[in-house]
1. With a 10 Å cut-off between alpha carbons and a GNM built on the chain, which of A45, A79, A31 moves the most?
2. Identify which of the listed values of Cα Rg over 2.2 N^0.38 Å was calculated from the structure shown: [x] 1.32; [y] 1.84; [z] 1.05.
3. Once phi is turned into ³J(HN,Hα) by the Karplus curve 6.51 cos²θ - 1.76 cosθ + 1.60 with θ = phi - 60°, what whole-Hz value does each residue of region 86-102 show in order, with x for glycine and proline?
4. Given a 1.4 angstrom probe, I'd like the percentage of the accessible area of the chain that is carbon and sulfur, rounded to a whole number.
5. Please give the per residue accessible area of the chain, computed with a probe of 1.4 Å over protein heavy atoms only, in Å².
6. Using alpha carbons only, how many degrees (0 to 90, rounded to 10) separate the axis of helix 73-85 from the longest principal axis of the chain?
7. About its Cα centre, how strong a charge dipole does region 34-103 have in debye, to the nearest 20, once Lys and Arg get +1 and Asp and Glu get -1 at the Cβ?
8. Before rounding to the nearest 500, sum -39500 (n - 2.57) across all DSSP H runs of length at least 4 in the chain and divide by the residue total; then give [θ] at 222 nm in deg cm²/dmol.
Amino acid sequence: MALPQKGARGIVVDGVAYRWRVRGRPTYDQALGWSTLSFAAELAARPGATLVVRTPYAHPSNWVGMPATPIAPTLVAAAIRSALAQGWQPEAPGAARVIDYVE
């Protein structure tokens, strides 16, 4: 499943262009602090399998005032490199690959 164009940001990792996006509104669980912030990434030119990265941070729009950390492009690049090392094939069609980002 491809990411929506609206709100997606571009990033180049090791010479390959990707798009990534954080969900604008938190899910109910994210809003209450029960689950953490996640973002998705995919190839920019020919999207195949989507990468979903779960972070240990709270969503910035949570309802309970938990401190949030913004998702920086360096974090996105590190997560993409980690997923590629774990066998993620972004050009191959298929189900989304979910990984946990640990600093």
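The values are calculated or read from the model by the stated rules, or taken from the named source; none is laboratory data. As the structure is a prediction and not an experimental result, all values here were calculated from the model. All Cβ positions, even for glycine, are placed from backbone atoms using ideal geometry, and neighbour counts span all protein chains on display. All accessible areas refer to the heavy atoms of the entire protein, side chains included, with ligands and DNA or RNA removed. Shrake-Rupley method; radii C 1.70, N 1.55, O 1.52, S 1.80 Å.
1. A45
2. Given [x] 1.32; [y] 1.84; [z] 1.05, the calculated one carries the label [z].
3. 8, x, 5, 10, x, 8, 7, x, x, 5, 5, 9, 10, 10, 9, 8, 10
4. Here it works out to 56 percent.
5. For the chain, the solvent-accessible area averages 59 Å² per residue.
6. 50
7. My answer is approximately 60 debye.
8. For the chain, the value works out to -4500 deg cm²/dmol.
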